[in-house]
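Reading through the structure tokens given below for one structure.
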């Protein structure tokens with residue numbers, strides 16, 4: 001019973017944060033509500049027994065990635081968004097389609113599936129030792145490939161964000 | 001004891017909110033945050049299915065999704081900075097030319 005109350009509480013925070021992200025017009029408010037969504041998702045992971053995933057969710061998602069977002073918003077001094085004509089077509093056609101799809105999926109999940117089996121709390125322990133064993137034995141090759149991927153992404157970010165004048169100045173200094 | 005379908009429903013709601021934000025938002029940074037919201041919804045269903053099928057590899061895949069999200073955030077925000085530097089706007093409707 002307590003688990004169900006906790007699930008509802010954090011799920012409500014999740015949904016409220018996601019809706020708030022849509023409603024707010026200033027990007028910094030959207031970013032803060034996204035942090036709330038991620039933090040309460042970490043609590044949901046804890047309810048599912050995934051302790052390590054919950055910790056990484058807080059550290060990487062709510063910490064590192066959202067700091068990147070907030071710094072970019074501040075760096076670019078982003079203000080309120082203005083509405084323009086192009087967005088009206090997307091609202092008229094896209095929003096009903098997405099809502100119909102979402103309602104169909106929800107109906108299928110609730111009434112037409114055999115997913116009603118309850119998930120026992122703590123049946124699957126996601127403690128770091130087990131995850132590390134899996135990550136460094138069965139998934140060793142994907143793990144190494146992702147390390148190369150993130151290295152390339154860092155270099156790409158530097159190349160994209162650097163000022164062309166700075167590169168020219170550096171070349172002049174060298175030569 | 002919470003049914004699996006409730007977790008999947010929550011993940012579906014988050015995903016739908018992300019798609020809606022992608023459609024109706026005009027600020028390029030907020031569109032980017034909607035993509036992160038969709039990735040989070042998918043992660044929740046990964047963890048829920050991992051608990052349901054007693055397969056820990058579902059949780060390992062969450063880490064791969066997180067790495068992809070981090071790489072995507074780094075490159076995407078660098079692209080946003082480059083776009084802002086050349087066009088001085090964050091509205092996606094005004095970014096409609098490939099070449100200036």
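The values are calculated or read from the model by the stated rules, or taken from the named source; none is laboratory data. As the structure is a prediction and not an experimental result, all values here were calculated from the model. Cβ coordinates were reconstructed from backbone atoms using ideal geometry, including for glycine residues, and neighbour counts include every protein chain displayed.
Residues in region A:136-145 include none that are within 30 Å of residue B:17 (Cα to Cα) and either assigned to a helix (DSSP H, G or I) or in contact (Cβ under 8 Å) with a residue 40 or more places away in the chain (or both).
Would you check if residue B:42 is more than 7 Å from chain A (Cβ to nearest Cβ), part of a helix (DSSP H, G or I) and within 25 Å of residue A:145 (Cβ to Cβ)? The answer is yes for residue B:42. Exactly one residue among A:110, A:99, A:22 is farther than 18 Å from residue B:35 by Cβ, within 9 Å of chain B (Cβ to nearest Cβ), at pLDDT 90 or above and surrounded by fewer than 20 Cβ atoms within 10 Å (Cβ to Cβ), and that residue is A:99. Is it the case that region A:80-96 has a residue that's assigned by TED's automatic domain parsing to the domain that holds residue A:24, closer than 30 Å to residue B:7 by Cα, out of contact with any strand residue (DSSP E or B) (no Cβ under 8 Å at 6 or more places or on another chain) and surrounded by 12 or more Cβ atoms within 10 Å (Cβ to Cβ)? No - not one qualifying residue is present in region A:80-96. Can you pull out every residue in region B:69-92 that is in contact (Cβ under 8 Å) with a residue 12 or more places away in the chain, under 25 Å from residue A:32 (Cβ atoms) and more than 7 Å from chain A (Cβ to nearest Cβ)? Of everything in region B:69-92, those that are in contact (Cβ under 8 Å) with a residue 12 or more places away in the chain, under 25 Å from residue A:32 (Cβ atoms) and more than 7 Å from chain A (Cβ to nearest Cβ) turn out to be B:72, B:76, B:83, B:92. Can we say residue A:59 is in a helix (DSSP H, G or I) and surrounded by fewer than 18 Cβ atoms within 10 Å (Cβ to Cβ)? So residue A:59 passes the test. Within this structure, residue A:41 passes the test of being in contact (Cβ under 8 Å) with a residue 24 or more places away in the chain, out of contact with any strand residue (DSSP E or B) (no Cβ under 6 Å at 6 or more places or on another chain) and assigned to a helix (DSSP H, G or I).
Among the criteria (1) outside any loop (DSSP other than H, G, I, E, B); (2) facing chain A (nearest Cβ under 9 Å); (3) without any contact (Cβ under 8 Å) to a residue 60 or more places away in the chain, the one residue B:55 does not fulfil is (1). Residue check: residue A:157 meets all listed conditions (1) surrounded by 10 or more Cβ atoms within 10 Å (Cβ to Cβ); (2) over 15 Å from residue B:56 (Cβ atoms); (3) out of contact with any helix residue (DSSP H, G or I) (no Cβ under 6 Å at 6 or more places or on another chain) but one, namely (3).
To keep it simple, each residue is scored yes or no on (1) more than 21 Å from residue B:81 (Cβ to Cβ); (2) under 14 Å from the mean Cα position of the chain (by Cα); (3) facing chain B (nearest Cβ under 8 Å).
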{"position": "A:14", "(1), (2), (3)": "yes, yes, yes"}
{"position": "A:26", "(1), (2), (3)": "no, no, no"}
{"position": "A:30", "(1), (2), (3)": "no, yes, yes"}
{"position": "A:37", "(1), (2), (3)": "yes, yes, yes"}
{"position": "A:64", "(1), (2), (3)": "no, yes, yes"}
{"position": "A:71", "(1), (2), (3)": "no, no, no"}
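Filtered by the rule that a residue be farther than 30 Å from residue A:140 by Cα and assigned to a helix (DSSP H, G or I), region B:64-96 gives B:79, B:80, B:81, B:82, B:83, B:84, B:85, B:86, B:87, B:92, B:93, B:94.
Looking at the structure I just gave you, is residue A:43 facing chain B (nearest Cβ under 10 Å) and either at pLDDT 90 or above or more than 20 Å from residue B:15 (Cα to Cα) (or both)? No. Residue check: residue A:72 meets all listed conditions (1) buried (at least 16 other Cβ atoms within 10 Å of the Cβ); (2) free of Cβ contacts under 8 Å to residues at least 40 places away in the same chain; (3) over 16 Å from residue B:91 (Cβ atoms) but one, namely (3). Residue B:4 satisfies every condition listed in (1) at the interface with chain A (Cβ under 7 Å from one of its Cβ atoms); (2) surrounded by 21 or more Cβ atoms within 10 Å (Cβ to Cβ); (3) modelled with pLDDT of 90 or more except (3).
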